[in-house]
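The values are calculated or read from the model by the stated rules, or taken from the named source; none is laboratory data. Computed from a predicted model, the values in this text were never measured in an experiment. Here the Cβ is made from the backbone with ideal geometry for all residues, glycine too, and neighbour counts use every protein chain on show. These accessible areas exclude ligands, DNA and RNA; they are computed on the full protein's heavy atoms, side chains included. Shrake-Rupley method; radii C 1.70, N 1.55, O 1.52, S 1.80 Å.
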Amino acid sequence: MKKMKVSFDLSIYDAIEDLQFDELELMNAAVSARKNAYAPYSNFQVGAAALLENGEVVIGNNQENASFPAGLCAEGVAVFQAGARFPGVVIKAIAISAASKKNKVDKPAAPCGICRQSISEYENRQKSAIVLLMMGETGEVYKCGSVADILPLGFDKTYL
Ligand code: THU
């Protein structure tokens, strides 16, 4: 029997203002996208902004549905939109921001499991890591270098 420790590097910024200019701009795009989320059922609004290698920023926000499972998360909307509009263009980074109409979200919101899997597909397809920047409405910003960091032992096409 072998044992292996799986760990990753997480950078923690005290606040959005501590981000470097490019990352600050990307997070600001996520914040504005968040404000247009359609989340009348959960009142939990999420915005995502993906920076592509060609300089484009593609945004997404959560789109809910009266039939709950039909809704989509912000990160999914952003990466699928990037894939549809700019097929084959590398996604360099994705910024995510979440806020709630019910309470203050003062800690970073990390993507849900399905979104980790969705982003991971793009990372595998482009064969390069996607940096993730995660924030609530206020407070610290988490940065990790790859979605694989937060989806260890991920499922991919090699199993099919
Ligand atoms: N949500 C996202 O958009 N991204 C996530 O990673 C977590 C959850 C959305 C889905 C739903 O519209 C609302 O937040 C509450 O779960």
Query raised in the report: Looking only at residues in the stretch 68-93 that are outside any loop (DSSP other than H, G, I, E, B) and within 10 Å of the ligand (Cβ to nearest atom), which one is farthest from G55 (Cα to Cα)?
Result: F68
Report summary line: When every residue in the stretch 68-77 that is closer than 18 Å to S32 by Cβ and aliphatic (A, V, I, L, M) is compared, the one least open to solvent (accessible area, probe 1.4 Å) is A74
Report task. Go through (1) open to solvent by 20 Å² or more (accessible area, probe 1.4 Å); (2) within 11 Å of the ligand (Cβ to nearest atom); (3) of a type in the set (A, V, I, L, M) one by one and return the number of the condition I96 breaks. Result -> (1)
Query raised in the report: Scanning the stretch 115-138 for residues that are of a type in the set (A, V, I, L, M) and in contact with a strand residue (DSSP E or B) (Cβ under 8 Å, 6 or more places away or on another chain), which turns out most open to solvent (accessible area, probe 1.4 Å)?
Result: V131
Query - Criterion (closer than 29 Å to E17 by Cα and among the acidic types (D, E)) met by exactly one of D156, D106 - result: D106
Report summary line: Exactly one of I114, I59 is within 23 Å of A15 (Cα to Cα) and either in contact with an Asp or Glu (Cβ under 6 Å, 6 or more places away or on another chain) or not polar (S, T, N, Q) (or both), and that one is I59
Query raised in the report: Quick one: is F21 more than 16 Å from K107 (Cβ to Cβ), open to solvent by 30 Å² or more (accessible area, probe 1.4 Å) and touching a helix residue (DSSP H, G or I) at 6+ places or on another chain (Cβ under 7 Å)?
Result: no
Query raised in the report: Quick check: anything in the stretch 38-47 within 8 Å of the ligand (Cβ to nearest atom), open to solvent by less than 40 Å² (accessible area, probe 1.4 Å) and outside any loop (DSSP other than H, G, I, E, B)?
Result: yes
Requested in this report: For E25, indicate whether it is farther than 21 Å from E121 by Cβ and charged (D, E, K, R).
Outcome: yes
Report task. Examine the stretch 100-114 for a residue that is crowded, with 21+ Cβ neighbours inside 10 Å, at negative phi and outside any loop (DSSP other than H, G, I, E, B), and state whether such a residue exists. Result -> no
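For every residue, the table says whether it meets (1) touching a strand residue (DSSP E or B) at 6+ places or on another chain (Cβ under 7 Å); (2) in a loop (DSSP other than H, G, I, E, B); (3) crowded, with 18+ Cβ neighbours inside 10 Å.
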{"position": "S11", "(1), (2), (3)": "yes, no, no"}
{"position": "A30", "(1), (2), (3)": "yes, no, yes"}
{"position": "L51", "(1), (2), (3)": "yes, no, yes"}
{"position": "G55", "(1), (2), (3)": "no, yes, no"}
{"position": "A66", "(1), (2), (3)": "no, yes, no"}
